[in-house]
Amino acid sequence: QVQLVETGGGLVQPGGSLRLSCEVFGSVFSIYTMGWYRQAPGKQRESVAEITSDFGTNYADSVKGRFTISRDNAKNTVYLQMNSLKPEDTAVYYCNARHLHFEFWGQGTQVTVFS
C-alpha cells in the first residue's frame with residue numbers, strides 16, 4: 001500500500017519561511033510525478049507546484065519566485081520550500097504522487113500565515 005506522509009506545516013508570520021516534506025512509502029518513488037496542492041477554506045484545491053520523474057518543475061503563478069519544489073529519490077521524499085509567505089498562502093497543503101493511471105494523496109498539513 002502506498003502512503004504519503006507530509007510534515008513541516010505550522011504557523012508563520014508574513015515574510016517568513018517554511019519547508020514541507022512528503023515521504024512516500026510502499027512504492028518506487030522515482031517513477032512518480034510529485035506535486036503539492038493546497039486548499040483554503042471555502043475554495044477548491046489548487047496545484048501549487050510539481051516535479052516530474054526527470055526533475056522538470058512547474059509552479060502556479062501565485063508562488064513563482066517564492067516557492068521551490070525539489071525531490072530526493074534516495075530518501076523517497078519531495079520538498080516544498082516556501083519563502084516570503086503571505087496570508088493568502090494559508091491553506092492545507094497536500095502531497096500528490098501520480099504515474100500513469102495511479103494517483104495517491106497525503107493527509108495534508110496546515111500552513112497558517114498570520115500577522
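What the table below lists for this structure:
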{"read-out": "Within straight-line cross-link reach of K86, lysines at Cα separation under 22 Å, skipping those fewer than 8 residues along the same chain", "value": "K43, K64"}
{"read-out": "Rounded, prolate or oblate (a/c below 1.5 giving rounded, otherwise prolate when a/b exceeds b/c) for region 51-115 by Cα gyration tensor", "value": "prolate"}
{"read-out": "Local electrostatic count at P41 - Lys and Arg +1, Asp and Glu -1, tallied over other residues with Cβ under 15 Å", "value": "0"}
{"read-out": "Square roots of five times the Cα gyration tensor eigenvalues for the chain, Å", "value": "23, 14, 13"}
{"read-out": "Chymotrypsin sites (Phe, Trp or Tyr not before Pro) within region 58-115: DSSP coil, no more than 15 neighbouring Cβ in 10 Å", "value": "F114"}
{"read-out": "Stretch gain in nm, segment F25-N58, where the contour uses 0.36 nm per residue and the Cα spacing is subtracted", "value": "9.5 nm"}
{"read-out": "Rounded Å value of the spacing that divides the Cα centres of region 1-65 and region 82-115", "value": "5"}
{"read-out": "Residues of type aspartates and glutamates that K75 reaches as a straight line, Cα spacing below 15 Å, ignoring anything fewer than 8 places off in the same chain", "value": "E6, E23"}
{"read-out": "Per residue accessible area in Å² of the chain, where ligands, DNA and RNA are left out and the probe is 1.4 Å", "value": "53"}
{"read-out": "Local electrostatic count at G16 - Lys and Arg +1, Asp and Glu -1, tallied over other residues with Cβ under 12 Å", "value": "+2"}
{"read-out": "The chain - percent of accessible surface contributed by carbon and sulfur, probe 1.4 Å", "value": "49"}
{"read-out": "Mean Cβ count within 10 Å, highest first, over the residues of peptides 15-25, 36-46", "value": "15-25, 36-46"}
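The values are calculated or read from the model by the stated rules, or taken from the named source; none is laboratory data. Worth saying up front: this structure is predicted, and the values here are computed from it rather than measured. Positions of Cβ are backbone-derived with ideal geometry, glycine not excepted, and every protein chain shown enters the neighbour counts. Ligands, DNA and RNA are excluded from the accessible area calculation, which covers all protein heavy atoms including side chains. Shrake-Rupley method; radii C 1.70, N 1.55, O 1.52, S 1.80 Å.
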